[in-house]
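Student: First the structure, which I've put down as structure tokens, then a few questions once you've had a look.
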Amino acid sequence: MSDIENRTRTVMTKVLQTPAQEIAAEASRKNLAAWDSLAHMNLMLALEEEFGVEFSDQEIADCDNLPLLLDTLRSKYT
Amino acid sequence: MQSRNKSEIGNFPTSVEPTASLSDIIAATDTLEAALPPSAPKFNFGFLRNVTLEGIEPYLCYRMLTNRVRPRMVYGGYGSLMQDLLHPNSPLTTGRTDMLVTAIMLEELDPRYGLPGWTSSRARDELEGVFEALLANGAATIALNTFIVPYRSEIGVMTSSDASDAAAEVTRLNEFVRDFVRRNSPRFCLMDWDRLVHLIGESAATDYRYWYLSRAPFKRAFLDALAKELVKVVRALLGRAKKCLVLDCDNTLWGGIVGEDGLEGIKLDGHEYPGRAFYDFQKTVLQLAERGILVTLCSRNNEQDVFTVLDRHPWSLLKRDHLSGFRINWEDKTANLADLAKDLNLGLDFFVFVDDNPRELEMVRQMLPQVTILQVPERLYEYPALLLRDGLFDTLATSREDRHRAKHYQMEVQRKAERGRHQNLEGYLRSLELVASIHPAGLGEVGRIAQLTQKTNQFNLTTRRYTDHDIQGFLASPDSCVYTLVASDRFGSLGLVGVFIARHRGQTAIVDTLLMSCRALGRHLEHAFVLECMQRVGTTWEVEEWEAVYLPSAKNSQVAAFWEIYGFKPQEQGEQGQSYNLGAPVPTIDPPAFIRIERE
């Protein structure tokens, strides 16, 4: 698992208060009840802190699933 | 928040500084809540809002839990302010709300806001309706927000000749809110959003992305600052405001060491720096003294040297008269602090200790962890903000009584000196010429009575915390009554020091509250008070028997057996405490002979 994925998963377990094993590779707002709108806002803010990046309003709205979130982070984080 | 098995989620630190990452703060809250003792109080927030404020939760929960209070939060609908307040099934009207907090923004309140010709009159009308509904609401305390004055003026650099620009209109609306809070304080208090953004700045406070995406306009700095303000109010309501300030002297009240530098060498000056920083710091000490906070000194010095500064230095704002106590000697500061606590009849958890020396502070932190320690910062230019910054001493109201309290403790020193002259306790007590003025409470005493219920911890049989609103309720009901004790002796008045609240059910009278301020103890005044109240209540309500209860707390063990003195018999030991019963209209014991009772 890449460093970005590791760190993203760690932040997700803390913010969504969900154990790592329950966060599938295809985790999304549709299949994870804990990933509600408040958790999503906190998650994006927490990831900005973790990686020192800034998401655009579009990215915030679109990144409702883990694969896309990781892709977005990979493109931003060097 | 759902509780999960902690070992599944992982081992996260339970104590994080507020500067920790958001994810660590969220992770810590579960562990912090689990670590709370069962006696930790609950506190219910209700949010009346037209914007999204849920982002405050991590910061508010963290601050509440580190203050050992369990928070619960409930939110109203979006912009359904009146429905939330008036509908019997709304989340804000069912269940007990300890504090109702508004989060109302003009952008959502008035769709015409920001358009040319906008005035605040429509918003004001709506607010008047909301405020009227709030006055009737059951929440114990209500925190109202001010509106954020626009950052950029729609008329540019010019000044509007008739003050009709948006900034002037919003400022007027804020004055309306502030005035309402002034008139209805302390049940209503202010969350001054405009001042908070003034402190923090637009870019640190505002997240326009989330404003547009989910009507959540605030960034962490603002949310955490607002959480901090809310917790200051909660601490005040729970009777946890600090009451005593203990100050070191050298490099704390002035720059330098008076024993070495002498009166002329120390740095304390109204103009020159660094002396001016110490002078400005002393101003804040005086401000606290004005609010009734006890000011004391604890310094390794010769008394003479310290008092020379206080008495004769041209820039010493602090004078001998301000002090409620001092320990100026070469002994260990921890012992000195414990002595001061005994002298002032005050728990060490009400103390704040300021010193420049990290070794002294560390020793106090280890030996007396309940004392709040503050270090003189290396950045001296930030020193003057130290005492007011965290709201440690904040209460919701001050009364004249607070401001005279320091004088009472000075008089107490005199009384203690007097005590040395008498052979026995009774002779001493008789010599005090005690007078107990006991009467049914008047409306003018409501504030002081509520404050006493919030602050009195030791001589308090039930530790029930009441607000002004609650006391007014007791006064208004025919089935309850409130009596107060105002005590004095030949050295002066002790002020309003006792509260007795009783209810009745048929021919049974029930003691709801009995408390005495620490400073009135040791004189048998409580006996005169209880017997007089029971006599008068018994007659008024024609009672046949009395019920009372002792609810144990961390601090009131001294009154565990109190009711037995009056012939009350213990009944069942309930979940919370021990109940008692007296099968007679009044106790048969006599009041203390050396106390004169004044009735009205």
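The values are calculated or read from the model by the stated rules, or taken from the named source; none is laboratory data. Bear in mind the structure is a predicted one, so any value in this text is a computation, not a measurement. Quick reminder, even Gly has a Cβ in these numbers, built from the backbone with ideal geometry, and neighbours come from all protein chains shown. Note: accessible area is taken over every heavy atom of the protein model, side chains too, but ligands, DNA and RNA are not part of it. Shrake-Rupley method; radii C 1.70, N 1.55, O 1.52, S 1.80 Å.
Student: How many of the residues making up segment B:18-27 are within 13 Å of chain A (Cβ to nearest Cβ) and either farther than 12 Å from A:T13 by Cα or among the polar types (S, T, N, Q) (or both)? Spell out how you get there, then give the answer.
Tutor: So in segment B:18-27, the residues within 13 Å of chain A (Cβ to nearest Cβ) come out as B:19-27.
With either farther than 12 Å from A:T13 by Cα or among the polar types (S, T, N, Q) (or both) added as a condition, the list becomes B:19-23, B:25.
The number of residues fulfilling the criteria is 6.
Student: Same structure again: For segment B:32-135, please list each of the helices (runs of 4 or more DSSP H) lying entirely inside it that holds at least 1 residues being under 19 Å from B:T146 (Cα atoms).
Tutor: B:81-86, B:106-109
Yes/no matrix, rows are residues, columns are (1) open to solvent by 60 Å² or more (accessible area, probe 1.4 Å); (2) closer than 30 Å to B:V101 by Cβ; (3) in a helix (DSSP H, G or I):
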{"position": "B:D224", "(1), (2), (3)": "no, yes, yes"}
{"position": "B:A227", "(1), (2), (3)": "no, yes, yes"}
{"position": "B:L263", "(1), (2), (3)": "no, no, yes"}
{"position": "B:T296", "(1), (2), (3)": "no, no, no"}
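Student: Okay, next question. Suppose the filter is open to solvent by 60 Å² or more (accessible area, probe 1.4 Å) and either assigned to a strand (DSSP E or B) or of a type in the set (F, W, Y) (or both); does B:Y210 pass it?
Tutor: No.
Student: List the number of the failed condition for B:Q558; all other conditions in (1) open to solvent by less than 70 Å² (accessible area, probe 1.4 Å); (2) at negative phi hold.
Tutor: Looking at each condition in turn, B:Q558 falls short on (1).
Student: List pairs: first in segment B:133-157 and free of Cβ contacts under 8 Å to residues at least 40 places away in the same chain, second in a loop (DSSP other than H, G, I, E, B) and among the β-branched types (V, I, T), Cβ under 9 Å, 6+ apart or cross-chain?
Tutor: Nothing qualifies.
Student: Kindly provide the set of residues from segment B:308-322 that are open to solvent by 10 Å² or more (accessible area, probe 1.4 Å) and modelled with pLDDT of 90 or more, ordered by number.
Tutor: B:T308, B:D311, B:R312, B:H313, B:P314, B:W315, B:L317, B:K319
Student: To continue, here is another question. Can you tell me which residue among B:G447, B:G492 is of a type in the set (G, A, S), surrounded by 14 or more Cβ atoms within 10 Å (Cβ to Cβ), more than 21 Å from B:N345 (Cα to Cα) and out of contact with any strand residue (DSSP E or B) (no Cβ under 8 Å at 6 or more places or on another chain)?
Tutor: B:G447
Student: Looking only at segment B:501-509, decide whether some residue is in contact with a Leu (Cβ under 6 Å, 6 or more places away or on another chain), of a type outside the set (S, T, Y) and modelled with pLDDT under 95.
Tutor: Checked segment B:501-509: no residue is in contact with a Leu (Cβ under 6 Å, 6 or more places away or on another chain), of a type outside the set (S, T, Y) and modelled with pLDDT under 95.
Student: Please name all residue pairs, on different chains or six or more residues apart, with Cβ atoms under 6 Å, provided the first residue is in segment B:214-228 and is more than 10 Å from every other protein chain (Cβ to nearest Cβ) and within 19 Å of A:A39 (Cα to Cα) and the second residue is among the acidic types (D, E) and open to solvent by 20 Å² or more (accessible area, probe 1.4 Å).
Tutor: Every condition considered, no pair remains.
Student: Of everything in segment B:177-207, what is in a helix (DSSP H, G or I) and polar (S, T, N, Q)? Give them in sequence order.
Tutor: Listed by number, the residues that qualify are B:N184, B:S203.
Student: Does A:T8 satisfy being over 22 Å from B:L213 (Cα atoms), within 10 Å of the chain's Cα centre (by Cα), within 14 Å of another protein chain (Cβ to nearest Cβ) and open to solvent by less than 10 Å² (accessible area, probe 1.4 Å)?
Tutor: Details: over 22 Å from B:L213 (Cα atoms): yes; within 10 Å of the chain's Cα centre (by Cα): yes; within 14 Å of another protein chain (Cβ to nearest Cβ): yes; open to solvent by less than 10 Å² (accessible area, probe 1.4 Å): yes.
Judged against the criteria, A:T8 is a match.
Yes/no per residue for (1) among the small types (G, A, S); (2) within 11 Å of chain B (Cβ to nearest Cβ); (3) open to solvent by 40 Å² or more (accessible area, probe 1.4 Å):
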site	(1), (2), (3)
A:I23	no, no, no
A:E26	no, no, yes
A:K30	no, no, yes
A:E49	no, yes, yes
A:E59	no, yes, yes
A:D64	no, no, yes
A:L68	no, no, yes
